[in-house]
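The values are calculated or read from the model by the stated rules, or taken from the named source; none is laboratory data. Computed from a predicted structure; not experimentally measured. Positions of Cβ are generated from backbone atoms using ideal geometry, with glycine treated the same way; all protein chains shown enter the neighbour counts. For the accessible areas, the whole protein counts, side chains as well, though only heavy atoms, and no ligand, DNA or RNA atoms are used. Shrake-Rupley method; radii C 1.70, N 1.55, O 1.52, S 1.80 Å.
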Amino acid sequence: MELFFNPFDNLVCILLGISLTVWFTLLLVFIIVPAIFGVSFGIRRLYMKTLLKLFEWATLRIERGAKENNHHLHKPYSNAIIAKEPTSFEEEIKEIRRSGSNKDLDSASEFEMSDIFYFARRGVASIMDDEVTKRFSAEELESWNLLTRSNNNFHYISLRLTVLWGLGLVIRYSFLLPLRVTLAFTGVGLLVFLTCVIGLLPNGRLKNFLSEKVHLMCYRICVRALTAIITYHDSENKPKKGGICVANHTSPIDVIILASDGCYAMVGQIHGGLMGVIQRSMVKACPHIWFERSEVKDRHLVAKRLSDHLEVKTKLPILIFPEGTCINNTSVMMFKKGSFEIGGTVYPVAIKYDPRFGDAFWNSSKFGMVSYLLRMMSSWAIVCSVWYLPPMSREEDEDAVQFANRVKAAIARQGGLVDLLWDGGLKRGKVKETFKEEQQKLYSKMLVGTQENRSRS
């Protein structure tokens, strides 16, 4: 029996060896080496254009099939479900009073029962057109991208469309996913090993130079692990040493997207497990700013560590996401003021993903980090645009909140995002009492003002 199976076993081993050799040779030649030198053969761009043509054909086929079968196509929500006219609080109250009573407004009592309808109407409008909680769920697509996460329009239309979807499923899970996982482990493994080696060198120009090159190389390999196709705009405004880079936050991969085009000092909490190993190795080669869990809530300590870093103008720019949580690629929510109190030049960066190829938004309340990364690696690609905005500084008559809002407005305008004043912390928490008190103060101020005007007359 051994003599019978030996030739077969030898053939399997030879074929397996050849396959692995070809696999790793292709990885080395077409992915790892270009990542080291920061060059691209244009394969990903060609891949993206091919996908776009497939998506267009699939969408047209769905629309034609819907017409033939008299199916209604579902349209995703818009940002304006309820029409809102720009009127002030007092004008709306007066309008309700005027429509509900024939009395002269000046002789009206301090409080009218009809005022209740204003708050009831605003409450119903907020429920119907909730501009906050819908920012924490994946945005729906106008067209179908041949992924399981799609809009509601896909039903059985034709055999060709179904076969195309099945073929895409096989390609994504049998070819792209293993390739991307291999690249991810390669990039992370090289980052941990090489930063530990560089950490043994004495501080100086050589260590800083090697650290920057290693970080760029490893992040570029990780970018290729997501088949990320990134377009950088206005590179002359890239963050410089001694400054602060602030960006809108959609996904944990925002860090990789930015760090593959420049080196940054990361800011974050120390973790355990694999993430902790990566953090400890990185800080040996580069002055990243990691905080213990007990230190994160100490605002003064955090501000001092950041200020000390900024005082050394030769250190890398700090990378901060002031929203504090991931938003679904449609808007920018309130920036925490802490990042804008420590001084220094702020370099705003706008990041906008193209959801047609894969949803980059991380819904942390629904998916863990591992399952999220698997979703990313099994999507078609990650396509995004990055805009480097001109540097901004805090003006003399401007407080930290006003400065943060000015930077946020610039990012939202450049990225085509909705500028919201709400706190991203509402993703897991309740509305602060201060927001409720603001409405109460406006109403009481109106009543008190009416009374004062009457007493003067």
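Okay, here's what the table says:
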{"read-out": "Some residue of region 344-351 being in a loop (DSSP other than H, G, I, E, B) and either within 30 Å of PHE175 (Cα to Cα) or out of contact with any Gly (no Cβ under 7 Å at 6 or more places or on another chain) (or both)", "value": "no"}
{"read-out": "Residue count, region 302-347 (criterion: under 17 Å from PRO390 (Cα atoms), touching a strand residue (DSSP E or B) at 6+ places or on another chain (Cβ under 6 Å) and modelled with pLDDT of 85 or more)", "value": "6"}
{"read-out": "Residue within region 69-91 that is modelled with pLDDT of 70 or more, more than 22 Å from CYS218 (Cα to Cα) and open to solvent by 100 Å² or more (accessible area, probe 1.4 Å) present", "value": "no"}
{"read-out": "Candidates LEU216, LEU200, LEU177, filtered to the one that is touching a Gly at 6+ places or on another chain (Cβ under 8 Å) and of a type outside the set (Gly, Ala, Ser)", "value": "LEU216"}
{"read-out": "Residue match in region 317-331 (condition: more than 16 Å from the chain's Cα centre (by Cα) and crowded, with 17+ Cβ neighbours inside 10 Å)", "value": "yes"}
{"read-out": "One residue from GLY449, GLY358 being of a type outside the set (S, T, N, Q), modelled with pLDDT under 90 and under 23 Å from the mean Cα position of the chain (by Cα)", "value": "GLY358"}
{"read-out": "Which numbered condition LEU183 misses (of (1) part of a helix (DSSP H, G or I); (2) farther than 28 Å from GLY42 by Cα; (3) in contact with a helix residue (DSSP H, G or I) (Cβ under 8 Å, 6 or more places away or on another chain))", "value": "(2)"}
{"read-out": "Any pair with Cβ under 6 angstrom, 6 or more apart, that starts in region 243-264 at a residue that is without any contact (Cβ under 8 Å) to a residue 60 or more places away in the chain and farther than 15 Å from VAL188 by Cα and ends at one that is assigned to a loop (DSSP other than H, G, I, E, B) and not basic (Lys, Arg)", "value": "CYS263/LEU316; TYR264/LEU316; TYR264/PRO317"}
{"read-out": "Sole residue being within 17 Å of ILE320 (Cβ to Cβ), at pLDDT 85 or above and either in contact with a strand residue (DSSP E or B) (Cβ under 6 Å, 6 or more places away or on another chain) or surrounded by 14 or more Cβ atoms within 10 Å (Cβ to Cβ) (or both), chosen from ASP254, ASP234", "value": "ASP254"}
{"read-out": "Residue satisfying all of: in region 174-226; closer than 13 Å to ALA285 by Cα and of a type in the set (Gly, Ala, Ser); surrounded by the fewest Cβ atoms within 10 Å (Cβ to Cβ) among these", "value": "GLY204"}
{"read-out": "Of the criteria (1) at pLDDT below 85; (2) under 27 Å from VAL346 (Cβ atoms); (3) out of contact with any Leu (no Cβ under 9 Å at 6 or more places or on another chain), which one SER294 fails", "value": "(2)"}
{"read-out": "Number of the condition not met by PHE340 [criteria: (1) touching a Phe, Trp or Tyr at 6+ places or on another chain (Cβ under 8 Å); (2) aromatic (Phe, Trp, Tyr); (3) surrounded by fewer than 23 Cβ atoms within 10 Å (Cβ to Cβ)]", "value": "(3)"}
{"read-out": "Among (1) open to solvent by 10 Å² or more (accessible area, probe 1.4 Å); (2) in contact (Cβ under 8 Å) with a residue 40 or more places away in the chain, the one test that GLY358 misses", "value": "(1)"}
{"read-out": "Residues of region 161-190 classified as in contact (Cβ under 8 Å) with a residue 12 or more places away in the chain and not aliphatic (A, V, I, L, M), total", "value": "8"}
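Condition check ((1) among the aromatic types (Phe, Trp, Tyr); (2) surrounded by 13 or more Cβ atoms within 10 Å (Cβ to Cβ); (3) at pLDDT 70 or above; (4) within 16 Å of ILE327 (Cβ to Cβ)) across all residues:
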{"residue": "LEU374", "(1), (2), (3), (4)": "no, yes, yes, no"}
{"residue": "TRP380", "(1), (2), (3), (4)": "yes, yes, yes, no"}
{"residue": "ASP397", "(1), (2), (3), (4)": "no, no, yes, no"}
{"residue": "ALA400", "(1), (2), (3), (4)": "no, yes, yes, no"}
{"residue": "VAL407", "(1), (2), (3), (4)": "no, yes, yes, yes"}
{"residue": "ALA410", "(1), (2), (3), (4)": "no, yes, yes, no"}
{"residue": "TRP422", "(1), (2), (3), (4)": "yes, yes, yes, yes"}
{"residue": "LYS441", "(1), (2), (3), (4)": "no, no, yes, no"}
{"residue": "ASN453", "(1), (2), (3), (4)": "no, no, no, no"}
